[in-house]
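Quick notes on the structure that follows.
The values are calculated or read from the model by the stated rules, or taken from the named source; none is laboratory data. Every value quoted in this text rests on a predicted model; they were computed, and no experiment measured them. Neighbour counts run over all protein chains shown; Cβ positions are idealised from the backbone, glycine included. Calculation scope for accessible area: heavy atoms of the full protein, side chains included, ligands and nucleic acids excluded. Shrake-Rupley method; radii C 1.70, N 1.55, O 1.52, S 1.80 Å.
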Amino acid sequence: MTDDRDVLRDVWFGRIPTCFTLSQDEITEREAEPYYLLLPRVSYFMLVTDKAKKHFQKVMRQEDVGEMWFEYEGLPLKWHYPIGLLFDLHASNTALPWNILVHFKNFPEKELLHCTTKDAVEAHFMSCIKEADALKHKSQVINEMQKKDHKQLWMGLQNDKFDQFWAINRKLMECPGDEGGFRYIPFRIYQPLNEKPFIQKLFRPLSPDGQPHSLGDLLKEVFPAAVPSDDEEKPYQVLIHGIEPMLETPLQWLSEHLSYPDNFLHISINHLSRD
Amino acid sequence: MASGGSGSVAAECKRNIARKLRIRDRHQSHRYSAVITRYNQLLERANVLRQWRDVCNPSSVPSSPSDVSDLQVRHQEKVTAIHRQNGQLAEDFISLRKKLEEKEPELELTQGRMAKLEHQREWLDVERRKLSQRVLTLEQVNRSVREEYEGLRGRCWDWDQQLRALEMENAEIIRDLMELKARAARAQNHRIEEPQRVQQCCLQKDLAVFSNTPVCIDTDEEKESHPPIDVADELKMRTNRDKLFRSASVSLPRSSNFLQNIKQLFVRRRGSSSVSEVSDPIRICVSATVPTISKQCLEVHDGEVNAVQFSPNSNLLATGGSDRTIKLWDMVRGTLQNPKALVGSNDGITSLEFDPLGSMILAGSYDNSARLWSLDTYELKHTLSGHSGKVTAAKFKSYLRQVVTGSYDGTLRIWDLHKEACVSSIAVNSRCSDVICSDYFIVSGHMDKKIRFWDCRTQTISNEIHLQEKVTSLDMSGDRTQLLSLSRDDLLRVMDMRMNNVRKELRAEGFKCGTDWTKAIFSPDGNYVVSGSIDGVLYIWNVDTEKLETSLVGEHRATVNAISWSPSGDYVVSVDRAKRATLWTDF
């Protein structure tokens, strides 16, 4: 079990070296140096980019500063996806550090939602947790919690407090009695450059005959193309938290340990280019 | 087996994941963390340095020779400006110094003056201390003098008591003496007449003899002989009376000599020449103090309070009200205490008077009578009834044997206390509001706006004074030379008793006489007069200046009916229509 705990810690403390660069479009009083940060994978952009924002505002005139948004290789980054997912989806195979352009104007209204305060992030985060618990426990666990427990979850994430977060999150990850798993596994499968945002289906952790489902079983069910046949070279890369877990890994265990703080298993499936 | 296999597979998977996570971290974060931290530090330091540079060198660093020359010019300008400023400052400095030098002597002068003033202040301080010390000693002296005065007053009172007793005794003796003299005179007359009588007898006999001689008209002669005898008798009687009178008048000078001697004794002692003064109560108030504050205010009667009077030694106060009682209050440490009620009147009290010894109190009443209480036993001693209207004033006449009353029935009556009967009645045909009396005269105030002066012996009007309005009150000053009247025209008049005319008229703004029986009085030293107004304010006038001395606003909420000034001169008590009495004093 100590190994499991280490896995939780590694997942929580996963970092991505990022280089923020001010967009050329922005008008500055002097040259803006790039700003480097190690971004926590499990967090959201809005929670961890205050320093970068301050850094860039120093060189800009006050009236030019609008709502900040990020772009990677021409692609606006959605603030409501965890950072780790965004990286896996868009930049997993590029050279580090992750180069992100910072914008303060020309907000891409069509692609991004506005996010003026952290309250919006909190609302999104809590709604994800509630949805996940609805799948896992018919919302029983989350509904039995008090308001302050909800707050503790959010504050744990916001302040990067592993113990604080997991003291509450532990209850959400417990399986009821002898059923050996959740009702359904909360998961979302993402693909870069896809019209649909993600795939989400009802999938039980155990097969009808009581055998535990593995990651491979899930992919077979919802994204068969990702499972390589025996002789073929694998066409897709299945990434969770920047790693490719073995397809035999039990899905229940994965959900318990490799879920993001919003209790979802965000799986990124990237097409491997041949060259 | 299958489950064991799957278990091992699961464990393998977990291990695999853990390993991959570690590899990921090694590749992604560990490799960069140090670099990024360092970079951020450097960035921060660069920022700090930039700020420093901005602070130290706000203007952009000159880069061309023209800039340098510009800078030089600018610096040169600055230097000249500073030089100019320097010169200005030097000038200022010099002028200021000059001013300072000018001020120096002034300062010295001021200091000198200050020193002088300081000196003067010290001197004055010393003087002040000396004076305050003197005030202290004077106060002490004053206190001791006052104590002495009190003692003397006490002794004076005692002496006065003795004097009165002696006077009474003296009067008795004189009366007895007169009687004896009269008897002696009668006896002597009788004796003197004896030979005459004998002679007459002889004459009568002779006459009888002569008359008997004619025989013809014997019986008629006898009858007619009586009237001549009667005539003779009458003649004889008259001569007798003449002799009696003469002998009495002859004997008088001797007794009056004796009287005179005694009187002169008192006259010398008291420095007064008035004969009537002898019967006066002690009037030893040197100077009355004008009260300034209300010291005590209480409800004394259940209803209107009509009369108030201090006892001759000022230690007792009597109040009379429409609740039919007289209340006697002890004056203890300047306050009224321990009221005692005298009952017996069948209706409200109108006036009060103490006898000069303070052993009796006389009260007039609405029930048409006057009553006398003894203050030794608090018992009703006499009831003087006979008036057919309310008795408005009852006053002691001389030697306590007689009382004079005035009434609404339009008569004045003189009562003898020994006989407990009315000895004479004077009909005026006008309601009497107040009466004062002395041995030889009575003064009465009336509703027909007249003040009448009566001769006691003849019981005729000796003088009349017409006023503009009804007379409500009369009072006489302690030395019996001035008469004070109050009338409904809100005027107080001070009259000279010797001239029988109005000398002074006193009035005041706001003063208004409230009722037909509102009283005004003299202060015991005769220097002030005081009366109460309809609105409960006391007005005190100075008789000499004829000006209002002060007006006192106290807790009276109704017309002030009567006022009494203590014979010691320290206290004034006023009573009003709404149950209250107020004690005024000046400390």
Can you pull out the trypsin sites (Lys or Arg not before Pro) in the stretch A:13-120 that DSSP calls coil and that have at most 13 other Cβ atoms within 10 Å? A:30, A:61, A:110
Let me know the mean shielding of A:233-243 by other chains, meaning the per-residue number of their Cβ atoms within 10 Å of its Cβ. 2
Holding the Cα-Cα limit at 18 Å, pick out from B:470/B:579; B:327/B:579; B:340/B:397; A:201/B:14 the pairs that are longer than that. B:470/B:579; B:340/B:397; A:201/B:14
Using only C-alpha atoms and all pairs of different ones, pull out the Kirkwood radius for the stretch B:387-477 in Å with one decimal. 12.9 Å
Setting aside same-chain residues fewer than 8 positions from residue B:130, which lysines have a Cα under 28 Å from its Cα? B:116
Residue B:460: accessible area at probe 1.4 Å, nearest 10 Å²? 70 Å²
Considering all projection directions equally, how large on average is the shadow of the alpha-carbon convex hull of the stretch A:123-179, in square nanometres? 3.9 nm²
Column: log10 I(q)/I(0), Debye, Cα scatterers of chain A, q = 0.09, 0.10, 0.13, 0.14 Å⁻¹: -0.45, -0.56, -0.92, -1.05
At 0.890 mPa s and 25 °C, Stokes diffusion of the stretch A:118-268 via Kirkwood alpha-carbon radius, µm² per second: 150 µm²/s
In Å², nearest 100, what accessible area do chains B and A bury in total when the solvent probe is 1.4 Å? 2500 Å²
Enter the mean number of other protein chain beta carbons within 10 Å of the beta carbon of each residue in B:20-33, as an integer. 6
What trypsin sites (Lys or Arg not before Pro) in the stretch B:381-455 are in a loop by DSSP, with at most 12 other Cβ atoms within 10 Å of the Cβ? B:419
If you keep only loop residues by DSSP, which GluC sites (Glu not before Pro) in the stretch A:37-80 have at most 11 other Cβ atoms within 10 Å of their Cβ? A:73
Please calculate the 1.4 Å probe accessible area of residue B:209, with all protein chains present, and give it to the nearest 10 Å². 90 Å²
Explain nothing, just compute: Karplus ³J(HN,Hα) = 6.51 cos²θ - 1.76 cosθ + 1.60, θ = phi - 60°, for every residue of the stretch B:439-455 in order, whole Hz, x for Gly and Pro. 5, 10, 9, 10, 10, 10, x, 9, 6, 8, 6, 10, 10, 10, 10, 10, 8
Can you put B:457, B:480 in order of accessible area, largest first, using a 1.4 Å probe? B:457, B:480
For the protein assembly as shown, give the magnitude of the charge dipole about the Cα centre (Cβ charges: +1 Lys/Arg, -1 Asp/Glu; no others), in debye to the nearest 20. 1580 debye
Taking amide H positions as placed 1.01 Å from N in the peptide plane, with prolines and chain starts having none, which residues 5 or more places from residue B:369, or on another chain, fall under 5 Å of its amide H? B:391
Hey, what's the protein assembly as shown come to in accessible area per residue, 1.4 Å probe, Å²? 55 Å²
The rounded separation in angstrom of the Cα centers of the stretch B:85-115 and the stretch B:166-202 is 115 Å
Given 10 °C, 1.306 mPa s and a Kirkwood radius over Cα pairs, the Stokes-Einstein diffusion coefficient of the stretch B:419-526 in µm²/s is 111 µm²/s
Mind checking which aspartates and glutamates have their C-alpha under 12 Å from residue A:51, skipping anything on the same chain fewer than 8 residues away? B:44
Cα convex hull of the protein assembly as shown, projected area averaged across orientations, nm²: 89.5 nm²
For the stretch B:491-587 (alpha-carbon point model, no solvent) the Debye-based log₁₀ I(q)/I(0) at q = 0.13, 0.17, 0.21, 0.25 Å⁻¹ works out to -0.42, -0.71, -1.06, -1.41
Using the 2.2 N^0.38 Å rule of thumb for compact globular proteins, work out how the stretch B:326-430 stacks up: its C-alpha Rg over that value, please. 1.09
Given N residues in the stretch B:293-585, what is Rg(Cα) / (2.2 N^0.38 Å)? 0.91
Quick one: accessible surface of residue B:20, probe radius 1.4 Å, all protein chains present, in square angstrom to the nearest 10. 60 Å²
Rank these residues by their accessible area, most exposed first, probe 1.4 Å: B:168, A:126. B:168, A:126
Towards the positive end of the charge dipole of the stretch A:15-103, with charges on Cβ (+1 Lys, Arg; -1 Asp, Glu), say which of A:38, A:55, A:96 has the farthest Cα. A:38
Report, to the nearest whole %, how much of the accessible area of the protein assembly as shown belongs to carbon and sulfur atoms, 1.4 Å probe, protein only. 53 percent
Please quote Rg/Rh for the stretch A:15-103 to two decimal places, taking the Kirkwood radius as Rh and restricting both calculations to Cα atoms. 0.95
Set of aspartates and glutamates with alpha-carbon distance to residue B:512 below 19 Å, sequence-local pairs under 8 removed: B:304, B:434, B:469, B:475, B:489, B:490, B:535, B:546, B:549, B:555, B:576
Largest-first ranking of A:236, A:260 by accessible area, probe 1.4 Å, whole protein assembly kept, is A:236, A:260
